1. Taking every pair of alpha-carbon atoms in segment 28-97, what share in percent sits in each 5 Å bin, from 0 to the bin with the longest distance?
2. What list of ³J(HN,Hα) values in whole Hz, one per residue of segment 119-128 in order, does the Karplus curve 6.51 cos²θ - 1.76 cosθ + 1.60 (θ = phi - 60°) give from phi, with Gly and Pro shown as x?
3. Excluding L167 itself, what net charge comes from residues whose Cβ is under 9 Å from its Cβ, given Lys and Arg +1 and Asp and Glu -1?
4. Given axes a ≥ b ≥ c from the Cα gyration tensor, I'd like to know whether segment 45-179 is rounded (a/c under 1.5), prolate (a/b larger than b/c) or oblate.
5. What is the gain in length, in nm to one decimal, between D89 and Y38 on full extension, counting 0.36 nm per residue of separation less the C-alpha to C-alpha distance?
6. Describe numerically, in nm with one decimal, the distance between label points set 7 Å from Cα along Cα→Cβ at K176 and at E108.
Amino acid sequence: MKEENPWKTKSSEEIYQNPWIGLTEHQVINPSGGDGIYGVVHFKNYAIGIIAIDENDNIFLVGQYRFPLKQYSWELPEGGGPLNGIPLDSAKRELLEETGLVAKEWKEVLRMHLSNSVSDELGILYLAKDFEQFEAEPEETEQLAIKKIPFEQAYQMVINGEITDSLSVAGILRVKLMRAGF
């Protein structure tokens, strides 16, 4: 299989911009040689997720209503980090904002593209351990619930489809595989 780009771009136009995303519409020639259109969402931040596990093997989850889905979601502490910044600094900030936790031990465990058929968003996941508890500082747009549950219970929530957020699913499964030696 060839790894070269089979798409040809005839023209591109920025359709929409806000502080977090941009949408570009591309007039293309598709891999079969036909004319086509392709919309790409460009994210202006990294997606950052933190797998925070305490000394008793409990994981911290954050619950909030997700506007695009029109439903409540339990997920890892998550947020955005500037593309020109240091992702680990963003992870530390997000963990403190959403849970009030400051971790002494950090390890990057996964990088992933979150929806590569329509966006360029890159997600970075960190494992965090050894905490001090402070006051959470959520953003004004966040109404968060925090729960601490056994890691295995969170894993079962993923398996049962109760946790569906992509960073959360990937992060919890990654830690499960790391524990199994992969």
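Each value in this text was obtained by applying a stated rule to the coordinates, not by laboratory testing. Quick caveat: nothing in here was measured; it's all calculated off a predicted structure. Note that we place each Cβ from the backbone using ideal geometry, even for glycine, and neighbour counts take in every protein chain shown.
1. 3, 13, 15, 16, 15, 11, 8, 8, 6, 3, 1, 0
2. Coupling constants for segment 119-128: 9, 9, 5, 9, x, 10, 10, 10, 9, 10 Hz.
3. Values: positive: none; negative: E75, E78, D165.
My count for the surroundings of L167 gives -3.
4. Values: a/c = 1.17, a/b = 1.07, b/c = 1.09.
It comes out rounded by the Cα gyration axes.
5. Values: separation 51, 0.36 × 51 = 18.36 nm, distance 3.39 nm.
Value of the extension gain: 15.0 nm.
6. 2.5 nm
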